[in-house]
Amino acid sequence: MEDFVIVHGDQVTFLPAFGPAVVVVRPGVMQGSGKMTLKGKKVCIEGDEKQLSVPGCMYTAGPFSIPGVGTIQISALGPGQLSQKTKLGGKALVLKGTNLVAKLMVQTPAQQPAPPGPPVPDPAPQYAGSGSFITTNATLKAG
């Protein structure tokens, strides 16, 4: 099925629920590397999603109520987010599609207060979440 092609500068929005973690999300911005352009912007090809990184996102998780900090990345595209027929340099084009799979990579663990002792750090190194593309492209579709 055809869908709109993602281009350089398009945003990725993330849902705040990353499993048991609640993240203060910020949008990410896609960097296109395809040789083809649309209105002066490079199209996004398979692999460009791996370059997206949104650092400095605060999170809490269950009893770990003292916020920690992590980086949101795209871990996998969802069904229909890569073109099946249209290729550019042997790579599929990234399409708007539905939801993608995201991950929060923990840099500074959230902590659980444990008076009178020191706070206990969250042992989880990452959390899984989801997001979606918001495209400025309303003309070019691929399948």
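Counting only residues that are touching a Pro at 6+ places or on another chain (Cβ under 7 Å) and under 16 Å from Met58 (Cα atoms), which one in segment 111-125 is surrounded by the most Cβ atoms within 10 Å (Cβ to Cβ)?
Only one residue tops the list, namely Asp122.
Would you point out the residue of segment 81-126, among those that are of a type in the set (Ser, Thr, Tyr) and within 30 Å of Glu46 (Cα to Cα), that is nearest to the chain's Cα centre (by Cα)?
Thr98
Output the qualifying pairs, or none if there are none: Cβ atoms under 9 angstrom, residues six or more apart or on different chains, first residue in segment 106-135 and assigned to a loop (DSSP other than H, G, I, E, B), second residue of a type in the set (Lys, Arg).
Close Cβ pairs satisfying both conditions: Thr135/Lys96.
What are the residues in segment 50-68 that are over 20 Å from Gln31 (Cα atoms) and either touching a Cys at 6+ places or on another chain (Cβ under 7 Å) or loosely packed, with under 13 Cβ neighbours inside 10 Å (or both), if any?
Ser65
Would you confirm whether or not segment 40-49 contains a residue that is surrounded by fewer than 19 Cβ atoms within 10 Å (Cβ to Cβ), under 16 Å from Gly131 (Cα atoms) and in contact (Cβ under 8 Å) with a residue 40 or more places away in the chain?
Within segment 40-49 (the criterion being surrounded by fewer than 19 Cβ atoms within 10 Å (Cβ to Cβ), under 16 Å from Gly131 (Cα atoms) and in contact (Cβ under 8 Å) with a residue 40 or more places away in the chain), the answer is no, since none of the residues qualifies.
Where a number appears in this text, it was derived from the coordinates with a stated rule and is not lab data. Predicted model, so just to flag it, every value in this text is computed and none were measured. Neighbour counts are summed over all protein chains in view; Cβ atoms, including those assigned to glycine, are modelled from backbone coordinates with ideal geometry.
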